[in-house]
1. It is to be established whether one or more residues within segment 288-295 are touching a residue at least 60 places away in the same chain (Cβ under 8 Å), more than 17 Å from residue 233 (Cα to Cα) and in contact with a strand residue (DSSP E or B) (Cβ under 7 Å, 6 or more places away or on another chain).
2. Any idea which of 127, 118 is within 19 Å of the chain's Cα centre (by Cα), more than 23 Å from residue 191 (Cα to Cα) and modelled with pLDDT under 95?
3. Could you tell me which residue of segment 331-364 is modelled with the highest pLDDT, considering only residues that are under 30 Å from residue 201 (Cβ atoms) and touching a strand residue (DSSP E or B) at 6+ places or on another chain (Cβ under 8 Å)?
4. Filter segment 169-225 down to residues that are touching a helix residue (DSSP H, G or I) at 6+ places or on another chain (Cβ under 7 Å), closer than 17 Å to residue 383 by Cα and not in a helix (DSSP H, G or I), then give me how many there are.
5. Give just the number: which of (1) under 17 Å from residue 70 (Cα atoms); (2) outside the structural domain of residue 377 (by TED's automatic domain parsing) does residue 236 not satisfy?
6. Does residue 19 qualify as being buried (at least 20 other Cβ atoms within 10 Å of the Cβ) and outside any loop (DSSP other than H, G, I, E, B)?
7. Of all helices (runs of 4 or more DSSP H) completely enclosed by segment 32-148, which ones contain at least 1 residues that are farther than 30 Å from residue 204 by Cβ?
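The values are calculated or read from the model by the stated rules, or taken from the named source; none is laboratory data. Everything numeric here is computed off the predicted structure, so don't read it as measured data. So basically every Cβ, Gly included, is an ideal-geometry build from the backbone, and we count neighbours across all protein chains shown.
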């Protein structure tokens, strides 16, 4: 109990919520740790600033903001008679504070490229475990909540669920920094309507329209912002550059010293596994390291890598077409043939003409569905309350297909 000291004098001034209090010494020490400070240098929205110039906010701000919403949720639930101990309050805040600590440079853009088969959630858990060792087991409860092993289910649902504090912050924050007002949800009302029934997170029925707006906002933000075609093609270009460098390394046409920032990832061939040494190196990297590498590649001897990097640094992005139907091999080949006519034949490869797919799922209609609480204490699904919304469509992943190729006026 000695470490649970309320710190009224430690505040962050956030542009969304105003002053955010850091409530315990342990939370402050975690924020000051180098692993967490690295999030100041990790973009929250990858390369979306190429579309929305104001979207330069970081994972650091998001994590602090999500912790603030968790504080508000704890305050609301405690005021409604839900018993939450001081240790649980701290554990809940730490679980959400560290939920994104495993993100790499430009967030999702490099996740699969740097660490094949290892997503950022798995890395976050590894980092939290390392921090727990450093802080001599003080994160045990936070780890149980984060992984869903703690018996009080609502605590994990607040960290990772249909309407968790992570989504409540990033929708509002990303809306603020991009200027896309469709994502500006009523976070205060949603939190104020939270309650707990049989250790499960529920919402008072009065919150139904705020939750409806939340679902619509999430759907719109994904297609309008997170999967915007320009930021998508920029991230695809970044991945192509990294894959090209990997190919050169594998073919032995590129030699690297062991201290090069990419060396541990290029030699880490075991998919799904992550050694302690590679993890430690990963936790030293941020957006600036990758930008510096891309800038250096503009003078690389390999023509393809040089041009991919130059296109990204100078925002001479390829054209991208997104449609419902998958592109045929003939359509892809047509673009490659067009490229062959304009440039040398060896440039008309998958590095400059490529296709793939993207998907979005707004609502998962399983055991983690959004539950509403009536005045008589009965609970029912939000899909029963909003008859005019097609929840079957909401819960079905929407898949769209893309084709990328150089613009006619974009010389390679």
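1. No, the conditions are met nowhere in segment 288-295.
2. Of the residues listed, the single one that is within 19 Å of the chain's Cα centre (by Cα), more than 23 Å from residue 191 (Cα to Cα) and modelled with pLDDT under 95 is 118.
3. 358
4. Here the count works out to 2.
5. In the conditions (1) under 17 Å from residue 70 (Cα atoms); (2) outside the structural domain of residue 377 (by TED's automatic domain parsing), residue 236 misses (1) alone.
6. So residue 19 does not fit the description; no.
7. Where helices (runs of 4 or more DSSP H) fall fully within segment 32-148 and carry at least 1 residues being farther than 30 Å from residue 204 by Cβ, they are 34-37, 59-79, 111-114, 120-134, 140-147.
Quick grid of which residues meet (1) in contact with a strand residue (DSSP E or B) (Cβ under 7 Å, 6 or more places away or on another chain); (2) modelled with pLDDT of 95 or more; (3) crowded, with 16+ Cβ neighbours inside 10 Å:
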{"site": "1", "(1), (2), (3)": "no, no, no"}
{"site": "9", "(1), (2), (3)": "no, no, no"}
{"site": "14", "(1), (2), (3)": "yes, yes, no"}
{"site": "26", "(1), (2), (3)": "no, yes, yes"}
{"site": "64", "(1), (2), (3)": "yes, yes, yes"}
{"site": "71", "(1), (2), (3)": "no, yes, yes"}
{"site": "88", "(1), (2), (3)": "no, yes, yes"}
{"site": "93", "(1), (2), (3)": "no, yes, yes"}
